[in-house]
Amino acid sequence: MMSPRISLLLSASALLAACATTLNAPTLPMVDTHAARTMVAVHGEALWPGWAEDDRAVLLVAKEAEYLLCAPQQQGFVAVGTEPVTGCSRQTRPVQTPADIAAPSEIGDVLVASIGLPDALGADGIDWQLTLAHELFHSWQDRMPGYNAAVMEVTSRLAPADAGDAGWMLTYPFPYAEAATAEAFAPMAAAAHTYLAATDQAARRAAIVDYLAARHAAEAQIGHEDWLYYEFQAGQEGVARWTELALAQRMAQDDPRYVDAFTERRGGLATSLRAIDRQGIGMWRRNVFYVYGAIEADMLDTLDPVWRLDYPARPFALGEHLQQRLD
Ligand SMILES: [Zn+2]
């Protein structure tokens, strides 16, 4: 039987936990959560038709509990009324997710953007908002018609036979550190730099033509199977990274607080290419594909914004989308 002293300690700690929940609740980034959901509601639809109709559910992982917002009631969660800033339903459960998560998750029958607090992610304010928007985009990707079929096809071609889950997507043995890979990417980087620095449409288009030629040569050198992994990551993560940039750009038109976020993200593409060149693809690993994929999405938008209508049916084929728009 539990001693009265232990019982007293336990009830004291339960009380403290309850106090912490109450005390910490106002420090949750609800204003930034609301801002991220609102920017998707206002600008998301023009970027990705159907996105704004999404329920944009969020799992906020705090220190004392996890909060599921803007989602139908799920098993294992306790409903705690309406969250005043977002106006959304709020449910809570004990913490079971890493504090620094930023990833789409499936909870019961809903796809949610799971995200840790700004402290845990090392990003606050607008940067945290755009990180949440990135994860909301991933949740939306899963609902795009054709997207899951494309993921299944890539999985059937690239995942090891004994892969039980999606972990292979992070550990696929792409030849990051091989000298031939660096050689294959160097002409792509050169053309991408020219594209990013170009100030008129003719120069941009000429740089895209050079880039695509370098891309075809890189595919031939690296091999079609490994290149499919490039296409997969560029199409999934690069386009999500570009979506952050596109949202920041649209927000900045009416709200000067977003100008820096846009400028940093656009300028960050060339900065990242230089860092990859300096530090090596072996160091950056799959993060390299975020950068190239975002640049390719930007190139596609420069050539023809309508590419975004074609994306859901062929999400892991940015090279084909580019070729189609240059033919
Ligand atoms: Zn992502």
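Specify the residue that is surrounded by the fewest Cβ atoms within 10 Å (Cβ to Cβ); the eligible residues are those in the stretch 111-128 that are of a type outside the set (Asp, Glu) and in contact (Cβ under 8 Å) with a residue 60 or more places away in the chain. Explain how you work it out, then say what you get.
So in the stretch 111-128, the residues of a type outside the set (Asp, Glu) come out as 111-118, 120-123, 125-126, 128.
So of that shortlist, the ones also in contact (Cβ under 8 Å) with a residue 60 or more places away in the chain come out as 117-118, 125-126, 128.
On the way: Leu117: 18, Pro118: 17, Gly125: 14, Ile126: 21, Trp128: 23.
In this case the residue turns out to be Gly125.
Tell me, which helices (runs of 4 or more DSSP H) wholly within the stretch 229-327 include 3 or more residues that are charged (D, E, K, R)? Lay out the reasoning, then the answer.
On the way: elements: 239-252, 259-279, 281-284, 287-303, 307-310, 318-326.
Because the criterion is at least 3 residues that are charged (D, E, K, R), the helices (runs of 4 or more DSSP H) in the stretch 229-327 that meet it are 239-252, 259-279, 287-303.
Within the stretch 52-59, is even one residue touching a residue at least 12 places away in the same chain (Cβ under 8 Å) and in a helix (DSSP H, G or I)? Spell out how you get there, then give the answer.
Here is the first cut: in the stretch 52-59, the ones touching a residue at least 12 places away in the same chain (Cβ under 8 Å) are 52, 54-59.
From what is left, the residues that are in a helix (DSSP H, G or I) are 52.
Yes - at least one qualifying residue is present in the stretch 52-59.
State yes or no: is Ala71 farther than 20 Å from Glu237 by Cβ and among the small types (Gly, Ala, Ser)? Let's see the steps before the verdict.
Working: farther than 20 Å from Glu237 by Cβ: yes; among the small types (Gly, Ala, Ser): yes.
Criteria met by Ala71.
Among the numbered conditions (1) within 14 Å of the ligand (Cβ to nearest atom); (2) more than 24 Å from Arg314 (Cα to Cα); (3) of a type outside the set (S, T, N, Q), tell me where Pro104 comes up short.
If we test Pro104 against (1) within 14 Å of the ligand (Cβ to nearest atom); (2) more than 24 Å from Arg314 (Cα to Cα); (3) of a type outside the set (S, T, N, Q), just (2) comes out false.
Can you name the residue in the stretch 129-160 that is within 15 Å of the ligand (Cβ to nearest atom) and among the β-branched types (Val, Ile, Thr) and is also surrounded by the most Cβ atoms within 10 Å (Cβ to Cβ) among such residues?
Thr131
Could you tell me how many of the residues in the stretch 46-57 are of a type outside the set (Asp, Glu) and in contact with a Phe, Trp or Tyr (Cβ under 8 Å, 6 or more places away or on another chain)? Steps first, answer last, please.
Taking the stretch 46-57 first, the residues of a type outside the set (Asp, Glu) are 46-52, 56-57.
Those still in the list that are in contact with a Phe, Trp or Tyr (Cβ under 8 Å, 6 or more places away or on another chain) too: 48, 50-51.
Count: 3.
Among Arg265, Arg204, which is the only one that is surrounded by fewer than 21 Cβ atoms within 10 Å (Cβ to Cβ), among the charged types (D, E, K, R) and within 16 Å of the ligand (Cβ to nearest atom)?
Numbers: Arg204 fails: within 16 Å of the ligand (Cβ to nearest atom).
From the options Arg265, Arg204, the qualifying one is Arg265.
Is there a residue being more than 18 Å from the chain's Cα centre (by Cα) and under 18 Å from Thr194 (Cα atoms) anywhere in the stretch 281-293?
Within the stretch 281-293, none of the residues are more than 18 Å from the chain's Cα centre (by Cα) and under 18 Å from Thr194 (Cα atoms).
What do you reckon, is Ala248 surrounded by 14 or more Cβ atoms within 10 Å (Cβ to Cβ) and more than 19 Å from the chain's Cα centre (by Cα)?
Working: surrounded by 14 or more Cβ atoms within 10 Å (Cβ to Cβ): yes; more than 19 Å from the chain's Cα centre (by Cα): no.
No: the conditions fail for Ala248.
Considering only helices (runs of 4 or more DSSP H) fully contained in the stretch 102-187, which possess at least 2 residues that are of a type in the set (Phe, Trp, Tyr) and under 17 Å from the mean Cα position of the chain (by Cα)? Break it down stepwise before answering.
Details: elements: 118-121, 125-143, 147-158, 168-171.
Where helices (runs of 4 or more DSSP H) fall fully within the stretch 102-187 and carry at least 2 residues being of a type in the set (Phe, Trp, Tyr) and under 17 Å from the mean Cα position of the chain (by Cα), they are 125-143.
With respect to Pro98, determine if the residue is within 13 Å of the ligand (Cβ to nearest atom) and either assigned to a strand (DSSP E or B) or assigned by TED's automatic domain parsing to the domain that holds Thr38 (or both).
On the way: within 13 Å of the ligand (Cβ to nearest atom): no; either assigned to a strand (DSSP E or B) or assigned by TED's automatic domain parsing to the domain that holds Thr38 (or both): yes.
Here the answer is no, as Pro98 does not meet what is asked.
How do the pairs read when you match residues in the stretch 139-162 that are closer than 15 Å to Glu225 by Cα with residues anywhere that are assigned to a loop (DSSP other than H, G, I, E, B) and among the hydroxyl-bearing types (Ser, Thr, Tyr), using Cβ under 8 Å and keeping only pairs 6 or more apart or on different chains?
Correct list of pairs: Leu158/Tyr172.
The values are calculated or read from the model by the stated rules, or taken from the named source; none is laboratory data. Remember, predicted model here, so these are calculated numbers, not experimental data. Cβ coordinates were reconstructed from backbone atoms using ideal geometry, including for glycine residues, and neighbour counts include every protein chain displayed.
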